[in-house]
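What follows is calculated from the coordinates using simple rules that are stated; it is not laboratory data. Please read these numbers as outputs of a predicted model, since none were measured by experiment. Quick reminder, even Gly has a Cβ in these numbers, built from the backbone with ideal geometry, and neighbours come from all protein chains shown.
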C-alpha cells in the first residue's frame, strides 16, 4: 500500500511537489521528531501538515486512483476517530471540540462536525478490498479533520467531494493529486471548552485538483482546478454596498488567491496551469466575459467548472443586483412529496420581468423550463408540471436559476439538518438560511 503522498503519482513526467509556506505561516508549522522531515505525517495515500497553534491541519495532500476504487465492505466497516499516532495529542483537536455540550439545564448541540479533509470514500482505492478498507479507515484521524459547520459538511463540501472529485472526468489516466485544508481570516469564529481552552473555527476550506489533461499539448498537459467554500457570511460581505440577499459559498478560484488566503506556496507550474485569471488584462477579459479580477466563479455543479483558460466564462449576476431570486420552497410537504413540492421566485426589481426561456436546474442536473413573467414586488409559485423534472430532496440539494442566455441569476442550497429543524409542511426560506 502506498503510504503518504506521491509527487509523481499522476504520471507522464509531471511532478507535483508538496507545497511550502510563506514566512508567517512557516512559524506556525508543527515540527516534531516523530514526523517525516520533522513536518510530514504520512498515512495510506495521504500526507498531513499540522499547525501547532490551531491544532488543526494546514493541508492534506493525497492521491486518488479512480480506476482502483473498490466498494466498502458490508455494513461499511468500523469507523472510529482517533488521534494521529505521529502527532502528540496536545497538537490535535480531539472529540471534546466536536461533541455536544452537557450543561445543568440540558444538552447543547454542537453545530460543528469533524470535517473530513481527505474523504473516506475518495481514499478507498487499492489492490483489493482489504487495502481499500484500510485506506478508508486511515482517514478517521483528528489531524485530517477541521471544525466544519454541519450545514457545510453535509451539503456543499460533500457535493464537492463526491460530485466533482470522486467523479472527475477531465483527466487522461484516472489519477489525481489533491490538496485540501482550512482557510483562516480575521473573521474566524472560536469554539470554547472552558475559559482557558478554545479552538479557532476556519472561515472556509479549499480543494485543489491536479491531473493529466486529456487533449492538451505537451507544454500544457497539467490541469489544475481550485475551489474554496466558505462557512462565514462575513467573509463574502458585499464590499460595493447594497443589500445582500443571498450568500454564495462555493467558488472556483485562482491558486494565487488561495496563497493569499492561506500562506501556502504551491508549485509554480500550478499557478500557470489554473484556468482562472488573477491579474487584469482588459482585452482578454472582455473576450472571455471575465467579470471581476481575481476570478471567483460560483460553482453550481460539474458542468459549471471552467477547465480551460480560453473557455468563455458563465455570466453571473452580482449578489447585490439580483432582481429575480429563489425565495422559498416547500421541500418537505405533508402528504405526497411530488404533488406537494413547490418553488417560489420573487421579483425584487422595480419593473415586470419576463422569465420565458429561463431554467431552474437542481443539483442532479434536472431541469424545469420556465414561462410567463413576474411583476415588480410579486412572487411566482412553480408547482406540478411547472417544476418539470426538478426534485427537492429532504436530504439536501441545490437549485440554480439561469436566464435565457445561460447567465446565473441565483443559486441556493439546503442541507438535511436544516430541513429536519422544520416541521413537515413548512416552507424553507432561502433568504434567511443560516450560513
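Summary table below
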{"read-out": "Extension gain (nm, one decimal) between residue 338 and residue 312, 0.36 nm per residue minus Cα-Cα", "value": "5.7 nm"}
{"read-out": "Potential extension, residue 6-residue 220 segment - 0.36 nm per residue separation minus Cα distance", "value": "74.9 nm"}
{"read-out": "Computed FRET value (nearest 0.05) for residue 356 with residue 379, which takes r as the C-beta separation and R₀ as 22 Å", "value": "0.80"}
{"read-out": "Rounded FRET efficiency, nearest 0.05, which uses the C-beta distance separating residue 105 from residue 189 and R0 of 22 Å", "value": "0.40"}
{"read-out": "Rough spin-label spacing in nm, given labels placed 7 Å along Cα→Cβ, for residue 24 and residue 83", "value": "3.1 nm"}
{"read-out": "Full-extension gain in nm, residue 167 to residue 366, via 0.36 nm per residue minus C-alpha separation", "value": "69.9 nm"}
{"read-out": "Virtual spin-label span in nm between residue 429 and residue 37, 7 Å along Cα→Cβ", "value": "5.3 nm"}
{"read-out": "Residue 269 paired with residue 404, simple spin-label distance in nm, labels 7 Å along Cα-to-beta-carbon", "value": "4.7 nm"}
